[in-house]
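What follows draws every value from the coordinates through simple rules; no lab data is involved. As the structure is a computational prediction, the values presented were derived from the model and not from experiment. Cβ placement follows ideal geometry from the backbone for every residue including glycine, while neighbour counts extend to all protein chains displayed.
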Amino acid sequence: MERVKIKPQSALKILLILSMLLGLTIAFFSFTIGGIHFLSLGLFLTATPLIALLYLRRRKAPGKLDLQLVILVTHMYCLSIGNVETKKLFKAVASNREYERYSRIFQSILDVATRFGYGFAKAANLIASSLKPPIKDVLVRVSDAVFSKKPGEYLELEANTLLEEYSGEYSRVIESIKVIGGVYSSILSVTSLALMVSSLMTIFVENPYMPLLSSLAAFTSMAVIVFGLKVLIPSEKTVYTGENPPRYYRLFKLAVLMMVASLPLPLLLLLLGGFDAIPYSLLFAGGLALIPGFMAYRFESWVNELDKYYPTFLKTLGENLSSTSSFTSALSYLLYMELGPLKRLVKRALARLKLGVDLEKTMQLLASEAASHQIYVFNRIFVESFRAGSQPLKVGKVLGNLVIRLLELRNRRRVVSRTFEVVVLVLQPIIVALLIILMTLSAFFSQLVTSLPFFALGRIPLELIKYEIIFVVVFTVIINSVSITIIRGGYRGMLLAYLGILLIESGLAWIGAYKLMEVLFTQFAGGFQIPV
């Protein structure tokens, strides 16, 4: 009987998954029996393997089609228009670190083909046998294409096919976002209700940790959905920070440093004011986060505005280079086009070329000043194709059409994310207001029920509920900010903008709900004191 062989990496994954299940079991039973002594151990056994699994997942090639693979094949197609040799074709991809895991794969093919004399076709098939689709299938087809009589036609077909497949998958993901976002919003809306019901049920049930268990279940569901969104939604880079980033990026970094330096101030206010100072600390912290968040918004708007004019830049540059071999002359003709804020950067690039700066360096500085990852990647592809002798007109058209398609997909994603964003921004203050009402009602019913002479009922754990409300507010602010940032994509610095808005909303809702309950109980229950 043949022995089943298990790879070390697979065995490690199995052990990590078993450890996660053990941690979840310990955490669940510790709450079920009414104790929290093993909670830390359970959370540790759950979180540590999860982090390790995420790290292992990042180290290997992805198992689904992504944008990097689409751009990679388009890069090879643009180079093949100039009839470059196979070694340069593979070396161009292997030396480009923007392709991350794919560049390491192509470097392995290059090493096997050149150092061990296998040849590129055999080396590509050999490396592909150890990989998973879609990169496996792409390598097999590319190895056949580069040794055909017309590799450009095969690579063109492959690039178009991958782009259509990626667009279809992206569209399906956008539709899935609508459904998952609706489920997330539903769980978010019932979180405060579940906490309220479970808190009042402690009058009849002796387990004081029931509110904690219900909120933990809701938080776990929300965290799982956010993690699923992170895995499901294709990641895309928007910003590139090179040697000379724009003024907006430098202001954003300065604002972040100021925010970090000022963080002890709301904590000091909280320590001095106690529970009453919590909403004002939230307002203070939200204001601090909103400053770099606003700079991140301006920075992202700048990048998006440049990306909008970039297809015109590529196509016009290709047309100009088809009639002149001078890159300086081609850029000078671009100044007569409507390029928006990109025209100022083109003027700087033209001045550098006239001063004798290298073409590659000039285009890299242009991308750095634009701070656009899209401009950086496609500038490099265009220059390499131009150096390889490819037709600039054809290369500019191919890259320009690809950028237009990617911008369309990005805009569709933003439309869906705006709906989710509005729902979350509306629900957050409602949840906080309901939690403050819950705290007040719990204190009222606890005093009312325990004073009844003929019923031996339990007492609501007010101190536990107070700390739990603080945790719920902070947790929902953080996870809502993360979920909005994941769904909308774009620059990650926008996380601070949503964090600041949600903190300010939470602080205002806390103050408003507290004042409302204070007025109501002053009129209808004069002897009742709102808990502090």
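General observations
- The alpha-carbon atoms of the range 162-287, seen along their principal axes, cover 60, 43, 16 angstrom, with the largest extent given first.
- Peptides 419-426, 483-490 ordered by average Cβ neighbours within 10 Å, highest first: 483-490, 419-426
- For the range 305-406, convex hull volume per residue from C-alpha positions, Å³: 83
- Listed cross-link partners Lys87/Lys253; Lys87/Lys315; Lys237/Lys347; Lys149/Lys230; Lys237/Lys361 are compared with a 32 Å cut-off, the Cα-Cα value being larger for Lys87/Lys253; Lys149/Lys230.
- Whole-number Å³ per residue for the convex hull built on Cα positions in the range 103-168: 80
- Nonlocal amide H pairs with Ser372, under 5 Å, H built at 1.01 Å: Tyr240
- Eligible lysines near Lys466 by straight Cα distance, threshold 28 Å, same-chain separation 8 or greater: Lys515
- Radius of gyration and Dmax over the Cα atoms of the range 67-149, both given in Å: 11.5, 32
- Computed P(r) (all Cα pairs; the range 278-342; 5 Å bins; percent): 4, 15, 16, 12, 11, 8, 7, 7, 6, 5, 4, 3, 1, 0
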